[in-house]
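Take a look at the structure set out below.
The values are calculated or read from the model by the stated rules, or taken from the named source; none is laboratory data. This one's a predicted model, so the numbers in the text were calculated from it and none came from an experiment. Cβ sites come from the backbone with ideal geometry, for glycine too, and all protein chains shown count toward neighbours.
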Amino acid sequence: MKKILDYEEMQDLLSSLDKDIIVKEDPIGFTNFGMPIDHYSYGHGDYHLIITGGTHSSELITNIFVIRFMEKLSNKEIFIDPNVYTIDFIPFVNPEGTVIVTSAIRSLIKRNISCDAEQTYLLTFYRNSRIEGIYYDKDENHDIKLEQWMFRYATPECIDDKYLELKNYLRGLFKENDLPRGCMINWSSNGRGVDLNSNLKESSFIERVKSGEKIYAHNHLSNIRRDKLGPLGCPYYDRPGEVERENKALLEFYEKINKEHKLIGSMIYHSCGDIVTYLDDMSLKNPFVDNYSEDNTMANRKIALKYADVTGYKLDPKEIYTTVDSYIKTFYPVTLLIELGSVTATPLSQFMDLDIPGSGEGFKHVYPKIIESNTKAILDVLPLMVLNYDERS
Ligand SMILES: [Zn+2]
């Protein structure tokens, strides 16, 4: 089975799901260029769990994991009691970004290739980005990267005219901000070029951006600047603290579910690292709350521990309190941020399904391991989340 799906293919898959099991609700909002931020629900129980993917669009594995999980529910391959739970799925927090990055992928990796051919592209991309990781220390390394060079013909022109407004905006942005050739493959931001997770007034980048400092991303992305609108890292469009529509919609959605139902927690998927991040030590500086009850901390810890136990992922209780995800974690207990995949280099490496003799365990069958272990982890933590919720309230 081929692993990569572009935005249209993911939409087709979603519309093929059993409509009695997975219900398409009204969108939680619309993006700047008018794309819906879709919401699907499963079940009708009063205990709600929110699951989101694709905050960073280059972390394509997160959209696909969420959608494959929904498919398993639809096929009855897995079961969650619909009378007890409601699962709220937001498979595309950042649909414009997903269109950009998957259009870039399709400029090289066509839909009709074989599984084996797809795997060779994934491996090539992975190796190229690893080489760039090695070269990172060389001088002022802001050259075009090997893995970007693979996608050097991925320009805004490869975006379908269905998204003409977005396409035109990007044509201008590439010129104005002199974005590196091929960087559409690294696109994590929304269509305006704002990084949704950095998009809050507490972002650690705000002061540095305002001061006019040139801030480069790290490792194999060291030619991308985070201080201007582009593929990743830029915290605001026009003025510090200006909230992008995707974030506004998401925060309002959390608030509504929490007010009207029993919100037992949420899972925010990112990639990569095989890490479960959760809110633990509130003695660290958190700009959002002065005190956070010990009950919440215990609950977060318990669920994160269970999730890490099932997946074999590392636990990360440390937290930088300057992201939108950390804001959500603070206000809605038992929110886990899960970094899918043991290999770096989004958007492609997490889809590798290889067993090359001599390669390390983390490199083997990356994709099926992500899907299987995280599916199991969600099923296993759900009852514990309910118990925890009832204890706290
Ligand atoms: Zn991310």
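Return the residues of segment 57-98 that are part of a helix (DSSP H, G or I) and under 14 Å from the mean Cα position of the chain (by Cα); say none if nothing qualifies. Answer for segment 57-98, where residues must be part of a helix (DSSP H, G or I) and under 14 Å from the mean Cα position of the chain (by Cα): LEU60, ILE61, THR62, ASN63, ILE64, PHE65, VAL66, ILE67, PRO95, GLU96, GLY97, THR98. Applying the condition of being out of contact with any His (no Cβ under 9 Å at 6 or more places or on another chain) and among the charged types (D, E, K, R) to segment 57-80 and asking which residue is nearest to the ligand (Cβ to nearest atom) yields ARG68.
Here is a list: LEU146, LEU173. Which entry is outside the structural domain of VAL366 (by TED's automatic domain parsing), under 29 Å from LEU354 (Cβ atoms) and not small (Gly, Ala, Ser)?
Within the list LEU146, LEU173, the selection yields LEU146.
Selection of segment 260-275 for residues being within 16 Å of the ligand (Cβ to nearest atom) and under 16 Å from LEU379 (Cα atoms) yields SER266, MET267, ILE268, TYR269. Residues of segment 41-56 that are part of a loop (DSSP other than H, G, I, E, B) and either crowded, with 24+ Cβ neighbours inside 10 Å or within 16 Å of the ligand (Cβ to nearest atom) (or both): GLY53, GLY54, THR55, HIS56.
In summary, strands (runs of 3 or more DSSP E) completely within segment 231-346 and bearing 2 or more residues that are touching an Asp or Glu at 6+ places or on another chain (Cβ under 7 Å), in contact (Cβ under 8 Å) with a residue 12 or more places away in the chain and crowded, with 16+ Cβ neighbours inside 10 Å occur at 262-270, 275-277, 335-339.
Restricting to segment 172-181, name every residue that is part of a helix (DSSP H, G or I) and within 20 Å of MET150 (Cα to Cα). Within segment 172-181, PHE174 is the sole residue that qualifies.
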